[in-house]
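Working notes, structure below.
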Amino acid sequence: MNIAIDGPAGAGKSTIARRVAKEKGYIYVDTGAMYRAIGLYFMNEGVDAENAAAVLDALAAIQVEIKYEAGEQQVYLNGKNVSKKIRQEAVGNMASKVATKQAVRDKLLDLQRNLAATQDVVMDGRDIGTFVLPNAELKIYLTASVDTRADRRYKELVEKHMPADLEEIKRDIEARDYQDMHREIAPLTQAEDAYYLDSSALTIDEVVAEIIRRIPQ
Ligand code: CDP
Ligand code: CDP
């Protein structure tokens, strides 16, 4: 069973995908984390994402590995667990930038397809239903209004006692949506055979139930 969940930043993809996977006994695969790991490397090493040769050199020096520890996906960058570090907003913005590059996307594609080929997965990202797993048994396009998504991110940061500025979060989300939807390669769009699900007025439980109801028997 392959379930693909795509949608814009902060739509609830990872929260929902993780819950669906847990309830069904499937593996949750977070592809955004893989782009974030590459984004983190570019940030740390000061790689210029607009310099094609520098991008190729950097990619040759990067090894991204996915492991599961206590059922949770862990991302390793060159042997180091970076699962926590990649959560910074700045890394997300860099991930969105490097994700526009073909060489970066090519590097991650096999890793993503291999994970889905050998086990039941719920995989979330931007191009899972349209490109990575075109034959997924269930495809969901999960979205919510920009205000709702910014509010959710804001609350998350406040709960973690991290600095948060609602207007800045909203601007970041809008910029990332624009970049993800307008890039040339694998832009974020709804697959023709995906269900459109707007979670602006839905609780997490309601969204999870709706997706589970749609899993083909
Ligand atoms: O993975 P993605 O960026 O799409 O979003 P996320 O990190 O899973 O979700 C952002 C926040 O929205 C989390 O704090 C969720 O708890 C919250 N959320 C919610 O409040 N209501 C929903 N129906 C879905 C998510
Ligand atoms: O959690 P959030 O929705 O903010 O982002 P994410 O899923 O962690 O992904 C970070 C960035 O990686 C996105 O803004 C996309 O540009 C990129 N990405 C992608 O291009 N394709 C995917 N399948 C997953 C993520």
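The values are calculated or read from the model by the stated rules, or taken from the named source; none is laboratory data. Since the model is a prediction, treat every value here as computed from it, not as a measurement. All Cβ positions, glycine included, derive from the backbone under ideal geometry; neighbour counts span all protein chains shown. Accessible surface is based on the protein model in full, side chains and every heavy atom, while ligands, DNA and RNA are left aside. Shrake-Rupley method; radii C 1.70, N 1.55, O 1.52, S 1.80 Å.
If the condition is being more than 8 Å from ligand 2 (Cβ to nearest atom), assigned to a helix (DSSP H, G or I) and not charged (D, E, K, R), then segment 174-189 contributes 175, 178, 181, 182. Quick check on residue 62: is it part of a loop (DSSP other than H, G, I, E, B) and among the aliphatic types (A, V, I, L, M)? So residue 62 fits the description; yes. When you scan segment 77-128, how many residues do you find that are in a helix (DSSP H, G or I), open to solvent by less than 70 Å² (accessible area, probe 1.4 Å) and without any contact (Cβ under 8 Å) to a residue 24 or more places away in the chain? The total comes to 1.
Any idea which residue in segment 45-73 is modelled with the lowest pLDDT, counting only those that are under 27 Å from residue 18 (Cβ atoms) and touching a helix residue (DSSP H, G or I) at 6+ places or on another chain (Cβ under 9 Å)? If we take residues in segment 45-73 being under 27 Å from residue 18 (Cβ atoms) and touching a helix residue (DSSP H, G or I) at 6+ places or on another chain (Cβ under 9 Å), then 71 is modelled with the lowest pLDDT. Can you say whether residue 38 is within 15 Å of the chain's Cα centre (by Cα), within 19 Å of residue 86 (Cα to Cα), away from ligand 1 (no atom under 12 Å from the Cβ) and modelled with pLDDT of 95 or more, as far as the supplied structure shows? Here the answer is yes, as residue 38 does meet what is asked.
Does residue 16 satisfy the condition of being more than 11 Å from the chain's Cα centre (by Cα), near ligand 1 (Cβ under 10 Å from one of its atoms), modelled with pLDDT of 95 or more and part of a helix (DSSP H, G or I)? The answer is yes for residue 16.
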